[in-house]
1. Please specify each residue of region 88-100 satisfying the condition of being at pLDDT 95 or above and surrounded by 15 or more Cβ atoms within 10 Å (Cβ to Cβ).
2. Sort out which residues of region 81-100 are assigned to a helix (DSSP H, G or I) and either among the small types (Gly, Ala, Ser) or touching a residue at least 60 places away in the same chain (Cβ under 8 Å) (or both), and write them in order of number.
3. Sort out which residues of region 1-22 are over 17 Å from residue 120 (Cβ atoms) and part of a helix (DSSP H, G or I), and write them in order of number.
4. Just for region 148-184: of the residues that are more than 19 Å from residue 53 (Cα to Cα) and modelled with pLDDT of 70 or more, which one is most open to solvent (accessible area, probe 1.4 Å)?
5. Under the condition of being part of a helix (DSSP H, G or I) and of a type in the set (S, T, N, Q), which residue from region 101-124 is surrounded by the fewest Cβ atoms within 10 Å (Cβ to Cβ)?
6. So which residues in region 125-139 are within 11 Å of residue 12 (Cβ to Cβ) and either in a loop (DSSP other than H, G, I, E, B) or open to solvent by less than 20 Å² (accessible area, probe 1.4 Å) (or both), if there are any at all?
7. Starting from residues that are open to solvent by less than 30 Å² (accessible area, probe 1.4 Å) and assigned to a strand (DSSP E or B), keep the ones in region 23-80 and report whichever is nearest to residue 121 (Cα to Cα).
8. Are any residues in region 24-39 closer than 17 Å to residue 4 by Cα and in contact with a Leu (Cβ under 7 Å, 6 or more places away or on another chain), and if so, which ones?
Amino acid sequence: MTFTWTAHRFAGGALALDVANSIVLRFDPERRIDRFADVAAIDSFAEAANRFGAENTRFGPLVPVAAEHRVGLLRLREATDRHFRAEISNSGRPEFLADLLEAIAVVLRGSVPHGGALPLDTATAHSALSLAANPEPDRLKICPNCGWLFLDRSRNRSRTWCDMAVCGNRNKAKRHYHRNREEAGL
């Protein structure tokens, strides 16, 4: 199955969150999809992050992670998700932060820049470290529709959905459907 990265897949607002969100429906075992299970998707993620990512100008051009460093990227992805998800729900634990920092350290120790470009794993480590070092707990949220992590950069911090065009519209359509069924007495 061919998969194409779209702007919606970069709704997290930070590269580390977009990488964490590469698992679709993370907590639904029957419908869960790991977009990074396909090596081609991991490789194409860097190019897509250059186009769609919120931090695309921060890191400069990104290149795919080297094959021998993919395991480190996946470990970083899981540590990022676990730590920030716990922080959002006020159930953060020191070991989650320690796991995140260890995953970041492993990636950064093995980092090899490619000319003027950064490998995806290195940029993701920098992004995760920045989020951990400068927490904005009232801006970090979980989408109630898809469960993705995202930064709410709205002025009044009122954003609810990772992407209004996708998750927000799905929720509006669901409410409309149920309202019409109730009105029809079904």
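1. 96, 97, 99, 100
2. So the first thing to find is which residues in region 81-100 are assigned to a helix (DSSP H, G or I), and the list is 81-88, 94-100.
If the condition is that a residue be assigned to a helix (DSSP H, G or I) and either among the small types (Gly, Ala, Ser) or touching a residue at least 60 places away in the same chain (Cβ under 8 Å) (or both), then 81, 84, 85, 86, 88, 98 are the ones that fit.
3. Selection gives 7, 8.
4. At the first step, the residues of region 148-184 found to be more than 19 Å from residue 53 (Cα to Cα) are 155-158, 160, 168-184.
Now drop any that are not modelled with pLDDT of 70 or more, which leaves 155-158, 160.
Numbers: 155: 221, 156: 111, 157: 96, 158: 70, 160: 67 Å².
Within region 148-184, the match that is most open to solvent (accessible area, probe 1.4 Å) is 155.
5. That would be 122.
6. Taking region 125-139 first, the residues within 11 Å of residue 12 (Cβ to Cβ) are 127, 131.
Selection gives 127 alone.
7. Taking the candidates together, the pick is 62.
8. Going residue by residue through region 24-39, those that are closer than 17 Å to residue 4 by Cα are 24, 33-39.
Scanning region 24-39 gives 33, 36.
The values are calculated or read from the model by the stated rules, or taken from the named source; none is laboratory data. On a predicted model such as this, the values are computed, not experimentally measured, just so you know. All Cβ positions, even for glycine, are placed from backbone atoms using ideal geometry, and neighbour counts span all protein chains on display. For the accessible areas, the whole protein counts, side chains as well, though only heavy atoms, and no ligand, DNA or RNA atoms are used. Shrake-Rupley method; radii C 1.70, N 1.55, O 1.52, S 1.80 Å.
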